[in-house]
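Visitor: Quick one: the structure is below, and I'll ask about it shortly.
Bear in mind these aren't lab numbers, they're just calculated from the coordinates by the rules spelled out. Given the structure is predicted, the values throughout are model-derived calculations rather than measurements. All Cβ positions, glycine included, derive from the backbone under ideal geometry; neighbour counts span all protein chains shown.
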Protein chains: 2
Amino acid sequence: MELEAFLLSLGTSAFIFLVLMFLFTWLSRRPGNVSIYYPNRILKGMDPWEGSSLTRNSFAWIREALTSSEQDVVKLSGVDTAVYFVFLSTVLGIFALSSLLILPILLPLAATDKSIKNTRNVTDTTSKGTFSQLDNLSMANITRKSSRLWAFLGAVYWISLVTYFMLWKAYKHVSTLRAQALMSADTIPEQFAILVRDIPSPPNGQTHKEFIDSFFRDIYPETFYRSLVVTENRKVNKIWEGLEGYKKKLARAEAIFAATSNRPTNKTGLLGLAGKKVDSIEYYTDLINESVAKLETEQKKVLAEKQETAAIVFFTDRVTAALAAQSLHSQMVDTWTVTEAPEPRQILWENLNIKFFTRLIRQYLIYFIVAITILFYMIPIAFVSAITTLANLQKAIPFIKPVVKITFIRTILESYLPQIALIIFLAMLPKFLMFLSKSEGIPSRSHAVRAASGKYFYFSVLNVFIGVTLAGSLFDNLKALEQKPNSIVTVLATSLPKNATFFLTYVALKFFIGYGLELSRIIPLIIFHLKKKYLYKTEAEVKEAWYPGDLSYATRVPSDMLILTITFCYSVIAPLILVFGVIYFGLGWLILRNQALKVYVPSYESYGRMWPHIHTRILAALFLFQVVMFGYLGVKLFVWATLLVPLIVISLIFGYVCRRKFYLGFQHTALEVACRELKQSPDHEEIFRSFIPHSLSTHKPEDHQFKGAMSRYQDYAAISAA
Amino acid sequence: MELEAFLLSLGTSAFIFLVLMFLFTWLSRRPGNVSIYYPNRILKGMDPWEGSSLTRNSFAWIREALTSSEQDVVKLSGVDTAVYFVFLSTVLGIFALSSLLILPILLPLAATDKSIKNTRNVTDTTSKGTFSQLDNLSMANITRKSSRLWAFLGAVYWISLVTYFMLWKAYKHVSTLRAQALMSADTIPEQFAILVRDIPSPPNGQTHKEFIDSFFRDIYPETFYRSLVVTENRKVNKIWEGLEGYKKKLARAEAIFAATSNRPTNKTGLLGLAGKKVDSIEYYTDLINESVAKLETEQKKVLAEKQETAAIVFFTDRVTAALAAQSLHSQMVDTWTVTEAPEPRQILWENLNIKFFTRLIRQYLIYFIVAITILFYMIPIAFVSAITTLANLQKAIPFIKPVVKITFIRTILESYLPQIALIIFLAMLPKFLMFLSKSEGIPSRSHAVRAASGKYFYFSVLNVFIGVTLAGSLFDNLKALEQKPNSIVTVLATSLPKNATFFLTYVALKFFIGYGLELSRIIPLIIFHLKKKYLYKTEAEVKEAWYPGDLSYATRVPSDMLILTITFCYSVIAPLILVFGVIYFGLGWLILRNQALKVYVPSYESYGRMWPHIHTRILAALFLFQVVMFGYLGVKLFVWATLLVPLIVISLIFGYVCRRKFYLGFQHTALEVACRELKQSPDHEEIFRSFIPHSLSTHKPEDHQFKGAMSRYQDYAAISAA
């Protein structure tokens, strides 16, 4: 029965995947859709198709993805994307290499054992009740204390060694990738700046700016360029956003006027639905003029009066900036704290004014909130997972029995319901975690993404994987567990085999439907065409409609991590999952390579700082796998399970060594990297300007607007020359 | 009985102390002893007595100690010594402030409770058997569940708050002290240098020196001065030491010749006892000439062929050196690792070549060895402590009963035996711990001293304090403990009151005898006079005989820490100990102030880097005290003992906040400190030369000897000028 449901679900998914593939081939060749399937190429000013679209083979994208080099990815999508592909290919390598030895050895060993048949009716089999034919291929089929368990023990070692090897190689590779990108001969603005926070109150009679300038000029008399004091921009931002909105509306009104020759009108009240009717072009022109005046007044006020305790400090060379970003500036560590400046586009300005110990307190507070949230989510998820097992559903709600008896509905429900429930549950979370991460006081978006991704990882592993696994058992036989108040590891280990089919289906659903939708981009396509047809008029608006955004690592990485954790943990218990893991990461690599080259536009560049984060979590998953296997071999009464203890210790040592050897290189810019020569001497004024927030930048080239908060290099130069 | 023994021991100690004080007053005024009582002043070129010795009051030294300012201490003995006095006065302050509230409240509360009298014959009193009159003044006298325990609970809070306050103040003060010393307008050689280790193999055709120079010249084109490659000096050191020995012997022979007009002779064989008789002056002159030639050959060889993977790199200004010492130089963190250069005199050259991960492995290995040693020492100490309780001694060795019956012997044994046994045991340890710490691969002596001091602290607290306390109980009633397999905290808490008298005696012994000997310097005095009379002839030899050495923090600080821990832990249980603690630290401050100003000569200067180490351990002692009190109030069945849990958490948070706020300022030189201007521009060549090991330095001013391992700044300057 269960095997049937499993195969049906697999078949349906595969069919949907094929349909989506076909749709992609068909749709992506239509010129009207070019901005949906090739936005990254368009924005980079390249020809979307590179050659004739008619002679194109339907599967040309596969060839293109496979032949693209890492340097292509770096060029078109940045180092972060390249690092993400290192992650995919590393995990693919781990699973593929593991499979090579494990599938041909473990599957026959499991299939030929007679344990199940013999103990079919004995109550102590670990998978009573829900047993299916799939289990014949799993470790559940191995007799207790059997010497065949040696092979399974060896498999744990093999997978671990493969993982260490691949991770070490990958870390080295990513480290080089990062170094190469950082030693770029092009001017990277943030390499010339540092972010200074926790600036103490200036002495009497000095402004923040003067205080900051004199502090840094004392330390770096020759290489200090100027500083940009962070200001409280809430009000000016609001005015600026209003202004931008009016400009858009004006452009829209003008576009309508150009197209229809009728002067468009609008109402001035709530949402444009109530109030006086006015001529749009005139109305918005007035509003714009008004806002511009307001903006200028507010800009001056902000620069003069709303200086905060943080600043971006600019230097005339990269080495000094790299040195300064790593060094202690004040004897009191909680003042004048420095870090590398983030890219201008990813600075979270509103966080910069938060003080040192406030940040620490916020951080721990948020860890606490996340822990609470994990616990809180556990309850509904456990309930969903338990209720959605059909057998349990029938027990709980007896009157649905007749419905369930219809085979088709039953099969559909059995195969999809739990997984879909889970996916919906998880979809509600990321925004909340992102909000929490930003509240920690983190200064850059990429860092916030890493923090959110980390939280999401613990979330998904603890709630989905362990939660689903344990909840099923708890619901099944709470009594049985009470009788043996064993350790959590044993309970987890006992419950794992029963859920193998669930997770096999989950992984398959993820790669068939998930990647099918990813490649075909059906949903963005539909939304784009609807918006284009009914809503947007100007070119800017249309561009907004198709602008693809980035790969959104904050959710993508943890979701891959969950698959990784599942595959690791089942790799020896139900080796078949390795095939699914290989497909997931292989297909993922292929499809996302296409998307990275042609679709997504990175919204920031952190030069691979995601990697240590990914590395640690891969190791954490491996660690969980080793602990679970230790527990499960214990459940199988295999005394040599203790041989896994050294392996667990090795994992910890490996993690420690990697951290010591590589991590600092990701946290800071190494000097040997920063000291490379530039192609041309950088334009310091341009670098400085790239950090000025939009709402404060002016279109006039006059400098007087910044005299409040920004140091006047010219003045200083004049003084020192005198 | 026990009170009598206690008072006798106290009286004897006080008497010995007075005798030693008298001896000091008498001896220190005799001109012949001036080099024993005023060596630091002599070496600093000051008048030992500052005025007439005849009009001097016997207690003038006390006035001098009390009126000396912190700046005097810094000037005469360095920042480290000043920091040590901050430690003494902080602890003194903690205990004095605590006493103010605790003695007048807790002592009457304890004395007026009737618990003991009521339960005198009941077996469940916590101090059955060994109970004495002293216990009337301790918490042991409080009835269980009594509401008087509230006062004791409050006392724990009071002591903790006082400690937080004093520690915070002290940390701030020491931080300023360090900053002031580091921003000195004088040239401090190590501020212009960094220590580079883990240098990778140079590319083909380059020497280590060339490789290092080009690496740093790339990064610091303007501020790099030159480098000094560390060499393998074992052989050259040996030759140099031989040479120095011969020089001394020649000087001695010449001194004898000058005094007696007889040409001295010696035998060339084993220890000067066997072999041919030769004329000493000729013989040693020959040997010296021979050695000088050998030294020169070996020096050249060392510089050319024995370059190691470490170097001292010099910069032309302090800020660059401070920046460089804190920054990551290589993308691979385990290569080109940098730290601030230690003072030349405290560099442990033989450790510099040890590689990054080897250092890590050694460190953990040594932690493991120390843990084992602690366990191993526990056994004999526990045995000694148990056996040396007279009652136990009688049980164990029945035939000593008649001896013990003689009151005098019995009393002496009872009061001194255990403490003396303990002191001897602990005296055997420091050298071993110092050896272990140096083996970790630490580059500087001051760091090794801190590491050894840390180990000694854990040692003394775990073995002496906890060991003695627990061992006594275990020996007394192993059975009783087996019946209630309680937590270690409860066991410790139960055992504490019984050992109060032991530790009171221990502290008294430490300050009366310890500080008496310290001040009077009887032993160095005797050794000096013996050596001067019978052994040493030349002035250099005599100076060697009276050279006082430093305060030897590696043993002094942990021994103070042990007293501190004891006083903390008993401060509420037996408040009388606070008086002893105040005397210990007060007397210590006074006597050591005298010794620091007049006697000891610091052998290194680490600018107060000892402080974070001391701070952490004071907090650790406080933490132990809080945990023990939590246990003991629990033993007293006082339910509000749980109110101590927040206090324990506060201690952890306080430690964390202090670490975050201050620690980095002690690990690195803050830039605001390094950027102060110097009185005069430094002589870079002199700075460089101060780092050359004695065995490699040459008396000739020619540079050619260094062309192998040291970079030729002149050459480079010539090239770059060309």
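Visitor: Compute for the stretch B:199-335: radius of gyration divided by Kirkwood radius, i.e. Rg/Rh, restricted to C-alpha atoms, rounded to two decimals.
Guide: That ratio equals 1.23.
Visitor: For the stretch A:672-682, in order, what is each residue's ³J(HN,Hα) by Karplus, 6.51 cos²θ - 1.76 cosθ + 1.60 with θ = phi - 60°, in whole Hz (x at glycine and Pro)?
Guide: 4, 7, 6, 8, 5, 7, 8, 4, 9, 5, x
Visitor: Order these by the 10 Å Cβ neighbour count, fewest first: A:ILE105, A:ILE563.
Guide: A:ILE105, A:ILE563
Visitor: Can you list the residues, at least 5 places off or on another chain, whose amide H is less than 5 Å from the amide H of A:VAL599, using H built in the peptide plane?
Guide: Excluding prolines and chain starts, which carry no amide H, the hits are A:ASN40.
Visitor: Over the Cα atoms of the stretch B:287-358, what Rg and Dmax result, in angstrom?
Guide: Taking only Cα atoms of the stretch B:287-358, I get Rg and Dmax of 16.4, 51 Å.
Visitor: Tabulate in residue order the Karplus-calculated ³J(HN,Hα) for the stretch B:650-655, using 6.51 cos²θ - 1.76 cosθ + 1.60 with θ = phi - 60°, rounded to whole Hz; enter x for Gly and Pro.
Guide: 4, 4, 5, 5, 4, x
Visitor: Quick query: amide H of B:SER606 versus all other amide H atoms, modeled in the peptide plane; which residues come in under 5 Å with a sequence gap of 5 or more or a different chain?
Guide: Placed amide hydrogens put B:ASP80 under 5 Å from B:SER606.
Visitor: Along its three principal axes, how long is the stretch A:590-659 when you only count alpha carbons? Whole Å, largest extent first please.
Guide: 54, 28, 14
Visitor: Listing B:TYR157, A:TYR534, A:TYR456 from the residue with the fewest other Cβ atoms within 10 Å to the one with the most, what is the order?
Guide: Ranking B:TYR157, A:TYR534, A:TYR456 by Cβ neighbours within 10 Å, fewest first, gives A:TYR534, B:TYR157, A:TYR456.
Visitor: Can you give me the C-alpha center-to-center distance between the stretch A:249-263 and the stretch B:197-274, rounded to a whole angstrom?
Guide: The stretch A:249-263 and the stretch B:197-274 have Cα centres separated by 89 Å.
Visitor: Taking the rotation that carries A onto B, look along its axis and tell me which residue of A has the beta carbon nearest to it, distance in whole angstrom.
Guide: A:LEU323, 2
Visitor: Under the definition of Cα pairs under 8 Å and six or more residues apart, what whole-number percent is the relative contact order of the stretch A:199-335?
Guide: Working: 135 pairs, mean separation 48.9, N = 137.
Rounded, it is 36 percent for the stretch A:199-335.
Visitor: How large is ³J(HN,Hα) for each residue in the stretch B:597-607, as worked out from phi by the Karplus curve 6.51 cos²θ - 1.76 cosθ + 1.60 (θ = phi - 60°), to whole Hz, x for Gly and Pro?
Guide: 6, 10, 10, 6, 10, x, 9, 7, 9, 10, 6
Visitor: Roughly how many Å is it from the Cα centre of the stretch B:588-608 to that of the stretch A:329-355, as a whole number?
Guide: Computed from Cα coordinates, the inter-centre distance equals 41 Å.
Visitor: What is the order of A:SER68, B:SER214, B:SER69, fewest Cβ neighbours within 10 Å to most?
Guide: Lowest to highest Cβ neighbour count: B:SER69, B:SER214, A:SER68.
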